[in-house]
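The values are calculated or read from the model by the stated rules, or taken from the named source; none is laboratory data. Just so you know, these numbers come straight off a predicted model, no measurement behind them. Counting neighbours? That spans all protein chains shown, and the Cβs are built from the backbone with ideal geometry, glycine included.
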Amino acid sequence: MSISTTTPTGAPAHQAPAAPSIPSTTRHSPRFSEDILAVIIGLAVVALSLPLIGGVDLLGWVVSTSVWTAPEKALGTVSKTFGSLGGPLALALTGLALLAVLSLGATALGLNARRFALRFAVVFILAYGSWS
């Protein structure tokens, strides 16, 4: 008479249990490493700031935050040239620009851009919300 034992997965006791299945993610093989991508994005920002030497301000619309005593003075633009945009619009444009650039970066890293964008937007809103 032989006694047959099995593991909870139903495999015979003398066999190693199968590795647990890991849910498939939407990550694909990255085209760039994170480091290379960070350098590329950084160089792009520097390149966009260089025309300021010749008087062309391409990034002056980006939001600028400061210590404030009045809420209407909390946000502004980096450049006074774009001051008419107002702080809230500059914040929205900055958030959208970051969302676009970083979502492209996430795609280049093989991540799901939609999932990244949703999570980034939540973190961005929470971060500025906690600042105010």
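Please pick out the residue among Gly42, Gly95, Gly83 that is surrounded by 12 or more Cβ atoms within 10 Å (Cβ to Cβ) and at pLDDT 95 or above.
Residue meeting the stated conditions: Gly95.
Can you give me the number of residues within segment 49-79 that are farther than 15 Å from Thr94 by Cβ, in contact (Cβ under 8 Å) with a residue 40 or more places away in the chain and part of a loop (DSSP other than H, G, I, E, B)?
0
Can you report the number of residues in segment 80-91 which are within 25 Å of the chain's Cα centre (by Cα) and either assigned to a helix (DSSP H, G or I) or closer than 13 Å to Leu59 by Cβ (or both)?
Count: 6.
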